[in-house]
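Data first, discussion second: the structure below is written as structure tokens.
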Amino acid sequence: MPILPLFRTLATDRRGNITMLFAGGFVMLAGSAAFAVDTGSLYLEKRRLQGVADAAALSAASSASAESAARSAISANQVNDANIEQIERGSYSPDTSLTPDARFSPSGSDGNAVRLTIGRDVPLFFGKFLTGRSTARVSVRAVAARVDLASFSIGSRLASVGGGLPGQLLSSIAGTDLNINVMDANGLVNADVDILAFSDALRTQANLQGLTFGETLASNVSLPKAITALASAVSGASAKSALHAIAVKVPPVSIKLSQLIDLGPLSGESKVDPNRPINASAYALVREALETATGKRQLDLDLGATIPGVASTKVTLAMGEREAHSPWLAVAKDNSVKVRTAQTRLYVDARVGGSGLLSAASVHLPIFVELAKGEASLHSISCPTPSTAKVSLDVTAAAGQIAIGDIDTAMLGNFNAAIAPRRTTLVKLLGIAEVTGQSNVTLGGTGAQKATFTAQEIAAGTAHSVSTHDLTAGVAVSLIRGMDIQASALGIGINLTPVTSAVGTLLQGVAAPIDSALTDLTGLLGVNVGQADVRVNGLRCGKPILVG
């Protein structure tokens, strides 16, 4: 048959068209079915797997064993064939300037967040005809984080102070005799108060119902009402008695307690949780409130002969201002908030009674102490479980100098001018000889050191003392050991070695009691020589939430 007619017959023959169309359309039909059925199946499985991943991440973020908790959550959701592809513990920042992926930072075993990736092989129905595979891998990721909070303060640890010194110091700051007896003053020194319970009592006392705790602290309230609110919130009869005595004596000036207390993320709360208190020193809060309200920064105290071996002691104190926005106590979730002690100067003018060669004279011992600002900020919070939680602070100790020498006390309050102690006359003998002396210790070690608190230490109110390590012994002991003592006679050739030896021996004998007095004084001021005393006042381990 000729070829041309054959082609003409084939072109006009309609038999088999349906078969050809079906053969060609089946591929499209299978593809459409794969797209509709398999894609829908994969989407639904991914949604279901995302819910499992979210639950697993939440469990992992609240557990000390993240991987074990995640596997338990996956098993509880009956997805046993799902695999953990990656699990990381780290820190999450809600900073919106960062991309979502950059907000999580892996940090090993520590941190407040967990990033989890899980996957599962999902069967294909029609797609296997196109891909040649019977399953497709579905992977999802979830990030869960806790908002952990810690409150901390610097300079709130008080030495065990006896006698009337605590009341005398508060009276000097208030500018009036507060008439606090010794027992009540010591009770106040040893008392703690829940800051949120105090804020609640202040709200009632100042008739500020309806305000949050942050709004209450930011309101202008009278100093007597603030002290009365503190009395109602503190426990202990002696502390209450001391505070009521103070409340009726202090001037009716206004104060904003937000200058001292930064509640941070807790500012919006309005209810007290007795199971999660933020405890702080009641005495330190009173001291800080009086300083802020009265603005009195330079004080004169007469300790008389209360130091063993010392005939008389006069003390001049000067306290500088804190930097702006630096509270005494803060609640924080990161290191953006710092608390600082104020720069402090202290001048002790002591007279020591002589004996032996010095029986007819008294030895003059002037000690000058200058402390720079101590500083603390939140380093990290680890909350795997409440009982194993830890809080770390970055602490810079209060550096400065301690010297034996004369100064102009009128310059103590001028913190813009340096003070250089001069050689002092320690003793004059019968107008024919005199002994002079000078000593100086400069404190260094101003770099930040990490102080870590366990959950048990936080609950007990334990303070940590970060030291500059410059003083190998007490302040006065170090000064007197290193003092340059010189003696001179007015034109008379006599051997003065016994005199200088007697002066050195006498002063060494009173060094320890003077150290104790300095510890009491600086402890009551919330600072210590060469140290920064810090305390974690409360810890709140947050419940995990999904982020990112």
If you go through the range 496-548, how many residues are under 30 Å from R103 (Cβ atoms) and aliphatic (A, V, I, L, M)? 6
Strands (runs of 3 or more DSSP E) wholly inside the range 400-445 containing at least 3 residues that are at pLDDT below 85: 424-429, 433-442
For residues that are touching a Ser or Thr at 6+ places or on another chain (Cβ under 7 Å) and more than 16 Å from A284 (Cα to Cα), tally how many sit in the range 224-250. 1
Going through the range 501-536 one residue at a time, which ones are closer than 17 Å to L479 by Cα and aliphatic (A, V, I, L, M)? A502, V503, L506, L507, V510, A511, A512, I514, A517, L518, V529
Which condition number does P265 fail, the rest of (1) assigned to a helix (DSSP H, G or I); (2) in contact with a helix residue (DSSP H, G or I) (Cβ under 9 Å, 6 or more places away or on another chain); (3) of a type outside the set (G, A, S) being met? (2)
Considering each of S312, S267 in turn, give the residue that is crowded, with 16+ Cβ neighbours inside 10 Å, touching a residue at least 12 places away in the same chain (Cβ under 8 Å) and closer than 30 Å to K333 by Cα. S267
Any chance the range 274-283 includes a residue that's hydrophobic (A, V, I, L, M, F, W, C), at pLDDT below 90 and assigned to a loop (DSSP other than H, G, I, E, B)? no
How many residues are in a strand (DSSP E or B) and surrounded by fewer than 19 Cβ atoms within 10 Å (Cβ to Cβ) if we restrict to the range 59-89? 6
Determine if the range 185-192 includes at least one residue that is open to solvent by less than 10 Å² (accessible area, probe 1.4 Å), of a type in the set (V, I, T) and within 25 Å of the chain's Cα centre (by Cα). no
If you check E323, E370, which single one turns out to be part of a loop (DSSP other than H, G, I, E, B) and free of Cβ contacts under 8 Å to residues at least 60 places away in the same chain? E323
In this structure, does A226 turn out to be open to solvent by less than 10 Å² (accessible area, probe 1.4 Å), farther than 27 Å from A460 by Cβ and touching a residue at least 60 places away in the same chain (Cβ under 8 Å)? yes
Selection within the range 237-264 - under 16 Å from I195 (Cα atoms) and touching a residue at least 40 places away in the same chain (Cβ under 8 Å): A239, L243, L257, S258, Q259, L260, I261, D262, L263, G264
Check whether at least one residue in the range 36-53 is hydrophobic (A, V, I, L, M, F, W, C), surrounded by 14 or more Cβ atoms within 10 Å (Cβ to Cβ), over 30 Å from H379 (Cα atoms) and modelled with pLDDT under 80, and report yes or no. yes
Conditions (1) outside any loop (DSSP other than H, G, I, E, B); (2) open to solvent by 60 Å² or more (accessible area, probe 1.4 Å): number failed by D95: (1)
When you go through L202, L208, L230, L178 one by one, which is the residue that is assigned to a loop (DSSP other than H, G, I, E, B) and touching a strand residue (DSSP E or B) at 6+ places or on another chain (Cβ under 9 Å)? L208
As an exercise: evaluate G542 against (1) surrounded by fewer than 23 Cβ atoms within 10 Å (Cβ to Cβ); (2) touching a helix residue (DSSP H, G or I) at 6+ places or on another chain (Cβ under 9 Å); (3) in contact (Cβ under 8 Å) with a residue 40 or more places away in the chain and give the number of the one condition it does not meet. (2)
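The values are calculated or read from the model by the stated rules, or taken from the named source; none is laboratory data. This structure is a prediction, so every number in the text was calculated from the model and none was measured. Methodologically, a virtual Cβ is constructed for each residue, glycine included, from the backbone with ideal geometry; neighbour enumeration extends over all protein chains shown. Accessible surface is based on the protein model in full, side chains and every heavy atom, while ligands, DNA and RNA are left aside. Shrake-Rupley method; radii C 1.70, N 1.55, O 1.52, S 1.80 Å.
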